[in-house]
Amino acid sequence: MGTLKDRLNDDLHSAMKSRDELTTSTLRMALTAVRNAETAGDAAKVLSDDEVLAVLTKEAKKRREAATAFAGAGRTDQAAKENAEGEILDRYLPAQLSDDEIAELVAGALRAGGFTGKAQMGPAMKAAQAAVAGRAEGGRVAAAVRKQLG
């Protein structure tokens, strides 16, 4: 089986063949974001699947934030488009954890690291993020860490 980037490219070609404009434009945008990440920094590099996942997670989060902003401004058509793009990107991401699952993983990470107070927010957050392993947005993890260190 190929890399995640190969899968994105294959799915893009399938979407183009079936004239699925939304999927085509969404995957083009995602692949552009991946290429930009590959050429950022001093030397071009090929991203690992985990790094591609991080790019896709960031792109999906942008779609959700934009959808919320458009919905708040009464632009439901634009919000729906952003949500639809986010759903396409979500197909490539690991299933997102529930709040209860996040709380459980964070509690385990805090216990394992011996983190007890707000002063340890940085290292506690790092441990919690490692435990969650990309299956929840950072803001949700941070909220759980703050609540449990509180």
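The values are calculated or read from the model by the stated rules, or taken from the named source; none is laboratory data. None of the values given here were measured: they were computed from a predicted structure. Glycine also receives a Cβ, built like all others from the backbone with ideal geometry; neighbour counts cover every protein chain displayed.
Which of the residues spanning region 30-60 are under 17 Å from the mean Cα position of the chain (by Cα) and either of a type in the set (Lys, Arg) or within 14 Å of ASP90 (Cα to Cα) (or both)?
ALA30, ARG35, VAL52, LEU53, ALA54, VAL55, LEU56, THR57, LYS58, GLU59, ALA60
Considering region 1-29 alone, what residues qualify as being farther than 23 Å from ALA133 by Cα, polar (S, T, N, Q) and more than 15 Å from the chain's Cα centre (by Cα)?
Residues satisfying the conditions are ASN9, SER14, SER18, THR23, THR24, SER25.
Can you find a residue in region 53-66 that is of a type in the set (Val, Ile, Thr), modelled with pLDDT under 95 and either part of a helix (DSSP H, G or I) or over 29 Å from ALA127 (Cβ atoms) (or both)?
yes
Just the residues that are more than 13 Å from the chain's Cα centre (by Cα) and small (Gly, Ala, Ser), please, taken from region 135-150. Lay out the reasoning, then the answer.
In the first step, residues of region 135-150 are kept if they are more than 13 Å from the chain's Cα centre (by Cα); the result is 142-150.
Residues satisfying the conditions are ALA142, ALA143, ALA144, GLY150.
The rows are residues; the columns are (1) within 25 Å of ARG28 (Cα to Cα); (2) of a type outside the set (Ser, Thr, Tyr); (3) buried (at least 16 other Cβ atoms within 10 Å of the Cβ).
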| position | (1), (2), (3) |
| --- | --- |
| VAL55 | yes, yes, yes |
| ALA60 | yes, yes, yes |
| ARG63 | yes, yes, yes |
| GLY72 | no, yes, no |
| THR76 | yes, no, no |
| LEU89 | yes, yes, yes |
| ASP100 | no, yes, no |
| ALA131 | no, yes, yes |
| LYS147 | no, yes, no |
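I need the full set of residues from region 118-137 which are modelled with pLDDT under 85, under 15 Å from GLU104 (Cβ atoms) and among the small types (Gly, Ala, Ser), in order please.
ALA133, ALA136
Which numbered condition in (1) of a type in the set (Asp, Glu); (2) surrounded by 12 or more Cβ atoms within 10 Å (Cβ to Cβ); (3) modelled with pLDDT of 95 or more is the only one that GLU21 fails?
Among (1) of a type in the set (Asp, Glu); (2) surrounded by 12 or more Cβ atoms within 10 Å (Cβ to Cβ); (3) modelled with pLDDT of 95 or more, GLU21 violates only (2).
Six or more apart or on different chains, Cβ atoms under 6 Å: show the pairs whose first residue is in region 121-146 and outside the structural domain of THR57 (by TED's automatic domain parsing) and whose second is exposed (fewer than 15 other Cβ atoms within 10 Å of the Cβ).
From region 121-146, the pairs are ARG135/PRO94.
Scan region 68-82 and tell me whether some residue there is under 18 Å from GLU137 (Cβ atoms), of a type in the set (A, V, I, L, M) and within 17 Å of the chain's Cα centre (by Cα).
No, the conditions are met nowhere in region 68-82.
In region 38-82, how many are acidic (Asp, Glu) and in contact (Cβ under 8 Å) with a residue 12 or more places away in the chain?
5
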